[in-house]
Every structure is written in C-alpha cells, then in structure tokens.
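Below is one structure, written out as structure tokens; comments come after it.
No lab work stands behind these numbers, since they all come straight from the coordinates. None of these values were measured; they are calculated from a predicted model. Quick reminder, even Gly has a Cβ in these numbers, built from the backbone with ideal geometry, and neighbours come from all protein chains shown.
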Amino acid sequence: THLVRSCQGEAPPSGTPPHSARRSRGSDQQPAVVCADKGEDELEMTMVSHRPEGLQQLEAQTNFSRQELQILYRGFKNECPSGVVNEDTFKHIYAQFFPHGDASTYAHYLFNAFDTTNNGSIKFEDFVMGLSTLLRGTLRDKLEWTFHLYDINRDGYINREEMTEIVRAIYDMMGKYTYPALKGDVPQQHVDAFFQVG
Ligand SMILES: [Ca+2]
Ligand SMILES: [Ca+2]
C-alpha cells in the first residue's frame, strides 16, 4: 500500500477528477500512470492492483469495452510513459499525422478540448473520455464536444473570430498539398460564407 500512498502524493493536485464518486474512492481511482518516475516493476504492480476498478469505472463512463480500454491504455502508456500528456507532447504526436502542414495551432485547441480539467495536462481518463465522445458518442455529444472546441473563450457562443481562428488552424494543419489551388484568404471566405447563410 505504500505504493498507493506515494502515488497519490505525486499526483498533480489540480488534476483531481471532478466526479464525486471518484473523489470518495480516493487514490484507488487515480491511475497508476501518474507515477511517472517509478521503476517499471513498481509501476506494473501498482497498475495491476488498480486496473480492475479503474477500468470498470471507465468502462461504465465510456463507450469502450474493457478490452478496448486495455489496448488504448497500452498505446497511451507507450506514447507517454509518464501517464500524462502536456501540450508540447500532444502537439508532437499530432504533428506526425499531418507532416505536410502545421498542426500546432489546431493541436493547441484540440488539447484544450481534451483537457477538461483545464490544468495543462491530459490524463488517460481525459483522453479516453474525449475519444469515446468523438468516436462513439451520439450526434449531440459530438456536436457539443466540437462546439466547445470552437468556443475558444468559453462564453457559450461561437463568434466569427473564433470560427475564423479554428478554420484557419485546420487549413494550416492540412497544408498546401491538400488544397492545391488556394486563392486569396480561403479560411476567411469559408467563414464569411458560413455566417451569411444564417
Ligand atoms: Ca487535465
Ligand atoms: Ca465564444
């Protein structure tokens, strides 16, 4: 149990999950992945002792099966052994998918959308909750998630500037090879057309 206690001590305090159910269960629900600097053996041991409960809860909270969660967890741990992703790491991973463009701005907004606790890091739970919404959520869930992505200042509205910012970021991410014949300020034209429809 000393592992559990030291693990809890190392967890970032601002990363406390918002759900009261999790809070009441204390460190049991903190994935062992927050223990960045443990030896691999200790880490595995801690993981094993927590895996059933943590996974059970995530299984209930997401649209993934236990087996899918295990696979996702393995991949997550592989990419970020420390168990938390900061924005730089996220951008680095994301950039690999868009080698012909500059994905950093879009990755920044995407990171903020995944980082629901707003503390500058994404834990496995944050990651898997977002992924569940995007891949398996209802249309409404997906729209709400995307709305938050576009609503940069979080005031409940998407204004023209926010829309332009995101659309521009998407064009930057795709890069010039995807859109061979860009003339003028295409992102701006795109947004202008959208707002004229209403
Ligand atoms: Ca977070
Ligand atoms: Ca807004």
Multiply the residue separation of H100 and N119 by 0.36 nm, subtract the distance between their alpha-carbon atoms, and state the gained length in nm to one decimal.
-> 3.8 nm
What FRET efficiency do you get for F194 and Q67 if R0 is 45 Å and r is their Cβ-Cβ distance, rounded to the nearest 0.05?
-> 0.65
